[in-house]
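In what follows, a single structure is set out as structure tokens and then discussed.
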Number of protein chains: 4
Amino acid sequence: MKALVYRGPGNKALEERPIPELVAPTDAIVKIAKTTICGTDLHILKGDVPTCAPGRILGHEGVGTVEKTGPGVTAFQPGDHVLISCISACGKCEYCRRGMYSHCTTGGWILGNQIDGTQAEQVRIPHADTSLYRIPTEADEEALVMLSDILPTGFECGVLNGKVQPGATVAIVGAGPIGLATLLTAQFYSPAELIMIDLDPNRLQVARRFGATATVDPSNGKAAEQVMQLTGGRGVDTAIEAVGIPATFLLCEDIVAPGGTIANIGVHGVKVDLHLERLWSQNITITTRLVDTVTTPMLLKVVQSGKIDPRLLITHRFKLDDILDAYETFERAASTQALKVIIEGFGSHPG
Amino acid sequence: MKALVYRGPGNKALEERPIPELVAPTDAIVKIAKTTICGTDLHILKGDVPTCAPGRILGHEGVGTVEKTGPGVTAFQPGDHVLISCISACGKCEYCRRGMYSHCTTGGWILGNQIDGTQAEQVRIPHADTSLYRIPTEADEEALVMLSDILPTGFECGVLNGKVQPGATVAIVGAGPIGLATLLTAQFYSPAELIMIDLDPNRLQVARRFGATATVDPSNGKAAEQVMQLTGGRGVDTAIEAVGIPATFLLCEDIVAPGGTIANIGVHGVKVDLHLERLWSQNITITTRLVDTVTTPMLLKVVQSGKIDPRLLITHRFKLDDILDAYETFERAASTQALKVIIEGFGSHPG
Amino acid sequence: MKALVYRGPGNKALEERPIPELVAPTDAIVKIAKTTICGTDLHILKGDVPTCAPGRILGHEGVGTVEKTGPGVTAFQPGDHVLISCISACGKCEYCRRGMYSHCTTGGWILGNQIDGTQAEQVRIPHADTSLYRIPTEADEEALVMLSDILPTGFECGVLNGKVQPGATVAIVGAGPIGLATLLTAQFYSPAELIMIDLDPNRLQVARRFGATATVDPSNGKAAEQVMQLTGGRGVDTAIEAVGIPATFLLCEDIVAPGGTIANIGVHGVKVDLHLERLWSQNITITTRLVDTVTTPMLLKVVQSGKIDPRLLITHRFKLDDILDAYETFERAASTQALKVIIEGFGSHPG
Amino acid sequence: MKALVYRGPGNKALEERPIPELVAPTDAIVKIAKTTICGTDLHILKGDVPTCAPGRILGHEGVGTVEKTGPGVTAFQPGDHVLISCISACGKCEYCRRGMYSHCTTGGWILGNQIDGTQAEQVRIPHADTSLYRIPTEADEEALVMLSDILPTGFECGVLNGKVQPGATVAIVGAGPIGLATLLTAQFYSPAELIMIDLDPNRLQVARRFGATATVDPSNGKAAEQVMQLTGGRGVDTAIEAVGIPATFLLCEDIVAPGGTIANIGVHGVKVDLHLERLWSQNITITTRLVDTVTTPMLLKVVQSGKIDPRLLITHRFKLDDILDAYETFERAASTQALKVIIEGFGSHPG
């Protein structure tokens, strides 16, 4: 089959690889209908993710059709239309029982990282019963690919951890795909103000279309002042970091109101300064989280009820054969205005 | 009347001052029966608290008897036996309504800081109805002085923010009076492990007597390794910082388990390094808080039910006339083994 | 001044009464701009509310302008544009500190019940600092009258107590003004299904316009079956009782899913059967609540952000001189299709 | 092997039965070391549990040693020392993912009810990975049998659902084994008052020894008055029903304070009167729950840390051969003063 393979820092290739086989009795093989590219895939390609060895098929998002199941799989059978979670969860370990699937002792984020991933014709999914989600036969596959990673990440790490509430004031630092997914899901809780902060004017425009009540361009170095003005000098109840660099985290420290929360989503490569000499008395909360995808069933219901349209995040579409073009489009987002790119495989459900 | 007055960095004096008068209709004047000295008083004396001007009477803890009340005070009258909260709260502003008395727009920590305090024969208490607590006539005044600040601080900033739960593993970094108050109140929630970390062997011994299940001396630079060993390599569910310097906060970052909480109590003078390059994916929570004293009614009930004996924290007793000796004893805690020192005034309730 | 006075069961009159005076230092006098009639006013007129004595001016909702303030009032001054809460709260007692203003030991629901109310030219508001809410000069007075009682009641007793969550399935039994206010505020949390149950086809039609995803007419005695069908045999996560009779509460018992919540809003006159022989093992929660109006500040923000338009609830408008007509219109809601009727006083803010 | 078999209403027999076999790949066979008798076993014997057919081996509690495991079991292997949960949980279904194991679509309370149980030499445990708990080799088997059902039931249905908090006032109606298990586990949260209500003076005496701060004998019909006196006329924050009849539930309605919670544990056979005409405005919460045993890992940690000694509940010990005597002792608790009786099997761990 065709698969996009990581060949070491800076290198990737669309290669021919054998069809994956069942290994453990709880495995399933899924034929990919639609997949996509994540910012984390780019991190791997830069060589920033040491757990991902050269030779690995990339990708941890996707929708498809079950092809085979091991004898221990009871919830799925061949032909089922499924959403693949970016997090594999055994459902048995101490972390899984606490709903912290991200730290499953035999799972977590392993797809397209420690085991072969979804940017291929087929993929092996371990712990299938607790890592796949049944979707309706006729479900919109493109929309649901957004539920593999980006929507639960924005929702769990940003919105839930940030305790977004009706009437609240929320700032999201970073209007990339994750920041925008956070913006969409924050609206489940009806905040009064949703301030979006990004350097890219196109993304700010998208943000306004997606429901931001105000946008701030930090290029003049005065983002914090502007947010304070927008909030009557009070700061925001929730500041969500969706970039992953010290400057954006510091901005969150500068704009969070007393009693507020900083919810970190960004993948950070270096430490940041935490100004406890100022914040120790401010009754704030800071949270970090690798997405657990425990809210996938809830998100499926919300999407199916039409409360949000995840397809808003999709800007480009490619065939699996053209996945290298897809990567190029996604990597050069500033000029292509790409958000999420859909890669079409061969496993679309007939239903 | 006699009062201990801050005379600028490094200076203090026991002076004669006029008896305080009612200023606002919601004020009360309280005759001090017992007061104490807080680590924050030492911070002021070092010149670290710019809001506190020379000439200020120090002290924000105390128990006494109401002497006078303004016409707007409805909950208290002269003769009432009362506990003074270290936090003054109007009960009306947006922060007070959210239970964040520490950020009351006309109160907060002002006693012995922005207005004259309790290390005197009498003190003026603003917002008396919501800043004093009625105590039984025959209540143990020494025990209840511990409820002005130190017990609610340990409980709210450390135990509640740290989400201490039955069966949990908790480490408290710092076994000074605040760390020990945290240790006492953490036991309200029956954690399975309570690890106490401090350089002072006497304080570790006290900690064991107060209920610590293990103690760690970090002087060999291996505190984190020892905590990891004590927890089977897992780390602690709750790490409570009760010192206020970068090294102790970093230790908390090193020992917190995935999914755990770092609850900061310490008053920090400089920024700390937050290792997000490691912690971004660890699903942790970090909290800061200036005590709100919203749990004072609950703590009064727990103390009165005999669940804890706050007098365990008291090591020395002085008359108000000898308050300079009390300061010296408290400042040289390493040699005097002082925890909390009681200063006896003249306002003990006759009951 | 003119005032609508309760003259004993079945009797009311528009009378001339003296302008109210300040009694306690914490009182304010408010000139009424807009008020409305509540279902509870009808209960009083039937003689069902023994705490309300003949001679009482009715009404506990309203928006107006502060006319006078007592010397203990610090947050308001004459000329301020204000919303009147149906619940008076001292902000000091144990219940107020816990946010349970409904049980304030010197307040609670006393307006238009134990003290004279708002269906008059002016009204005395006790505990003004914590019972009035400042609103913008130019605020829409009609919309905000809905925040005196009906919106916080639906939101606190129905939506918050019912733990409505994104993706959840909610049924509201009763599509009168309170049920519809609940329907509007439930959408702050983006439930996937909102099933509205009522006998009145007009109200069901209004409910669909207000966001109900399905409606059920229980007149055929099969409401429970229909709800079970709509939910795939599972029942609802939240069943909200907004009528106040045994039959509607029983319907909630019949449709709540395992793990779900029954949130009671209705004012009940008789006991109901609780089928514990079936429900003991169903992990359900039942809540009751007299509105506390603790969410008024949050609701003001949400309304001002445009998330909901409370004016949707208003069907008729009258002058204070015609308040007897207003009552007749409101009482004969089945034929007049009245929801909330606005009574216009003389205190509209000039701003 | 020997097994205690339900032979229809009023009948039971110690019979010879074949050793159980693995059926599903996720099954384990456990050799019973210690088991016990539950009040529910008596309900079955009265014919009150229609899901339990004659011929069924009774018992849903036990500690033992794993004898065999199916190929789908990954967390256990023969020889492991294990605690058996009274609730079987697949870990995969919607209810299990929400932590509501009691409603597992292929599990729940099936042991000794819909499938053969633990009052035998060996037992088949379905969904072994998520229904057994590893215990230390040298663990006290008698103590841990109390964690199969009675301690998690008291803790989850009574203490957690009842939101017991430090400083709170709690009443437990019923001082049988479940009520006493609730009393023990309520102390994890340091309530100030723990009032125990029961007709049996011996059980009230046991309750005082277990930590009750007051006891009430309701035989004079004045239990509610007495509780109101004990609480200064206020009522209790938490009223826990641990009997299962209308009179005891009504008592809970009479003594719960405004804002309080009634947590039902009792298995009810008939409906009860819910006095909503009085309670609608009292801001109370009523909860029901079939134990989920989600807190078993937490309880294991608390027991191992020595916070409580579950053996306090054990009054009698029998060999499996004498299980009929054990039943008689347990059934005649009033005269034998039996609480929990231990039945010793043959599967004690050699460790």
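The values are calculated or read from the model by the stated rules, or taken from the named source; none is laboratory data. Since we're looking at a predicted model, the values are computed, not measured. All Cβ positions, glycine included, derive from the backbone under ideal geometry; neighbour counts span all protein chains shown. The protein model used for the area step is the full one, side chains on, heavy atoms only, and it has no ligands, DNA or RNA in it. Shrake-Rupley method; radii C 1.70, N 1.55, O 1.52, S 1.80 Å.
For the range A:185-206, what are the residues that are within 27 Å of C:Pro297 (Cα to Cα) and away from chain C (no Cβ under 12 Å)?
Taking the range A:185-206 as the starting set, the residues that turn out to be within 27 Å of C:Pro297 (Cα to Cα) are A:185-197.
Listed by number, the residues that qualify are A:Ile195, A:Met196, A:Ile197.
Is it the case, given these coordinates, that B:Glu21 is surrounded by fewer than 17 Cβ atoms within 10 Å (Cβ to Cβ), at pLDDT 95 or above and over 19 Å from B:Ile150 (Cα atoms)? When the stated conditions are applied, B:Glu21 passes them. Is one or more of the residues making up the range C:302-321 surrounded by 15 or more Cβ atoms within 10 Å (Cβ to Cβ), modelled with pLDDT of 95 or more, assigned to a strand (DSSP E or B) and of a type in the set (Val, Ile, Thr)? Yes, the range C:302-321 contains a residue that is surrounded by 15 or more Cβ atoms within 10 Å (Cβ to Cβ), modelled with pLDDT of 95 or more, assigned to a strand (DSSP E or B) and of a type in the set (Val, Ile, Thr). The set of residues from the range B:97-152 being at pLDDT 95 or above and among the polar types (S, T, N, Q) comprises B:Ser102, B:Thr105, B:Thr106, B:Asn113, B:Gln114, B:Thr118, B:Gln119, B:Gln122, B:Thr130, B:Ser131, B:Ser148.
Take the conditions hydrophobic (A, V, I, L, M, F, W, C), open to solvent by less than 20 Å² (accessible area, probe 1.4 Å), farther than 21 Å from A:Ile314 by Cβ and modelled with pLDDT of 95 or more and apply them to A:Leu45. Does it pass? Yes, satisfied. For the range D:322-338, which positions are open to solvent by 70 Å² or more (accessible area, probe 1.4 Å) and either within 19 Å of D:Ile44 (Cα to Cα) or of a type in the set (D, E, K, R) (or both)? Listed by number, the residues that qualify are D:Leu324, D:Asp325, D:Glu328, D:Glu331, D:Arg332. Only one of (1) assigned to a loop (DSSP other than H, G, I, E, B); (2) away from chain A (no Cβ under 14 Å); (3) not β-branched (Val, Ile, Thr) is not met by D:Arg124, so which one is it? If we test D:Arg124 against (1) assigned to a loop (DSSP other than H, G, I, E, B); (2) away from chain A (no Cβ under 14 Å); (3) not β-branched (Val, Ile, Thr), just (1) comes out false.
Quick check: is even one residue across the range A:193-203 of a type in the set (Val, Ile, Thr), under 29 Å from A:Gly47 (Cα atoms) and open to solvent by 40 Å² or more (accessible area, probe 1.4 Å)? No.
Do we find that A:Val341 is part of a helix (DSSP H, G or I) and open to solvent by less than 20 Å² (accessible area, probe 1.4 Å) in this structure?
Working: part of a helix (DSSP H, G or I): no; open to solvent by less than 20 Å² (accessible area, probe 1.4 Å): yes.
No, not satisfied.
In summary, A:Thr65 fulfils each of the numbered conditions (1) open to solvent by 10 Å² or more (accessible area, probe 1.4 Å); (2) over 16 Å from A:Thr35 (Cα atoms); (3) touching a Lys or Arg at 6+ places or on another chain (Cβ under 8 Å) with the single exception of condition (2). Filtering the range A:84-103 down to residues that are in a loop (DSSP other than H, G, I, E, B) and open to solvent by less than 10 Å² (accessible area, probe 1.4 Å), which residue is nearest to the other protein chains (Cβ to nearest Cβ)? Taking the candidates together, the pick is A:Ala89.
Just one of the listed residues (B:Glu225, B:Glu156, B:Glu193) is free of Cβ contacts under 8 Å to residues at least 12 places away in the same chain and farther than 14 Å from B:Leu313 by Cβ, namely B:Glu225.
With respect to the conditions (1) buried (at least 24 other Cβ atoms within 10 Å of the Cβ); (2) within 14 Å of chain D (Cβ to nearest Cβ), B:Arg134 falls short on a single one, namely (1). For the range A:171-189, the set of residues classified as of a type outside the set (Val, Ile, Thr), more than 16 Å from A:Lys340 (Cα to Cα) and open to solvent by less than 10 Å² (accessible area, probe 1.4 Å) consists of A:Ala171, A:Ala186, A:Phe188, listed by residue number.
Residues that are under 21 Å from the mean Cα position of the chain (by Cα) and within 12 Å of another protein chain (Cβ to nearest Cβ): does the range D:50-63 have at least one? Yes: the range D:50-63 contains one or more residues that are under 21 Å from the mean Cα position of the chain (by Cα) and within 12 Å of another protein chain (Cβ to nearest Cβ).
Residues satisfying the criterion are absent from the range A:279-296 (criterion: assigned to a helix (DSSP H, G or I) and charged (D, E, K, R)).
For the range A:281-303, the tally of residues that are more than 10 Å from chain C (Cβ to nearest Cβ) and within 25 Å of A:Ser88 (Cα to Cα) stands at 9.
If you go through the range A:267-308 and keep only what is within 21 Å of the chain's Cα centre (by Cα), aliphatic (A, V, I, L, M) and within 16 Å of A:Ile255 (Cα to Cα), you end up with just A:Ile286.
Report yes if some residue within the range C:270-289 is under 27 Å from C:Arg209 (Cβ atoms), out of contact with any strand residue (DSSP E or B) (no Cβ under 7 Å at 6 or more places or on another chain) and open to solvent by 10 Å² or more (accessible area, probe 1.4 Å); otherwise report no. I'd like the intermediate steps shown before the answer.
Residues of the range C:270-289 under 27 Å from C:Arg209 (Cβ atoms): none.
Within the range C:270-289, none of the residues are under 27 Å from C:Arg209 (Cβ atoms), out of contact with any strand residue (DSSP E or B) (no Cβ under 7 Å at 6 or more places or on another chain) and open to solvent by 10 Å² or more (accessible area, probe 1.4 Å).
Candidates are the residues of the range C:104-121 that are part of a loop (DSSP other than H, G, I, E, B) and hydrophobic (A, V, I, L, M, F, W, C); the one that is farthest from the other protein chains (Cβ to nearest Cβ) is C:Ile110.
Scanning the range A:304-323 for residues that are more than 9 Å from every other protein chain (Cβ to nearest Cβ) and either closer than 30 Å to A:Pro258 by Cα or of a type in the set (A, V, I, L, M) (or both) yields A:Leu312, A:Leu313, A:Ile314, A:Leu320, A:Ile323. Residues in the range C:68-83 that are outside any loop (DSSP other than H, G, I, E, B) and open to solvent by 10 Å² or more (accessible area, probe 1.4 Å) were compared, and the one that is farthest from the other protein chains (Cβ to nearest Cβ) is C:Lys68. Scanning the range C:106-116 for residues that are over 22 Å from C:Pro71 (Cα atoms) and not hydrophobic (A, V, I, L, M, F, W, C) yields C:Gly108, C:Gly112, C:Asn113, C:Gln114.
Within the range C:69-91, being more than 24 Å from the chain's Cα centre (by Cα) and more than 25 Å from C:Ile342 (Cβ to Cβ) holds for C:Thr69, C:Gly70, C:Pro71, C:Gly72, C:Val73, C:Thr74, C:Ala75, C:Gln77.
Test B:Val145 against the stated conditions and say whether it is touching a strand residue (DSSP E or B) at 6+ places or on another chain (Cβ under 7 Å) and either within 30 Å of B:Ser348 (Cβ to Cβ) or aromatic (Phe, Trp, Tyr) (or both).
Details: touching a strand residue (DSSP E or B) at 6+ places or on another chain (Cβ under 7 Å): yes; either within 30 Å of B:Ser348 (Cβ to Cβ) or aromatic (Phe, Trp, Tyr) (or both): yes.
Yes, satisfied.
Residues that are within 14 Å of chain C (Cβ to nearest Cβ), of a type outside the set (D, E, K, R), under 23 Å from the mean Cα position of the chain (by Cα) and open to solvent by 50 Å² or more (accessible area, probe 1.4 Å) do not occur anywhere in the range A:230-249.
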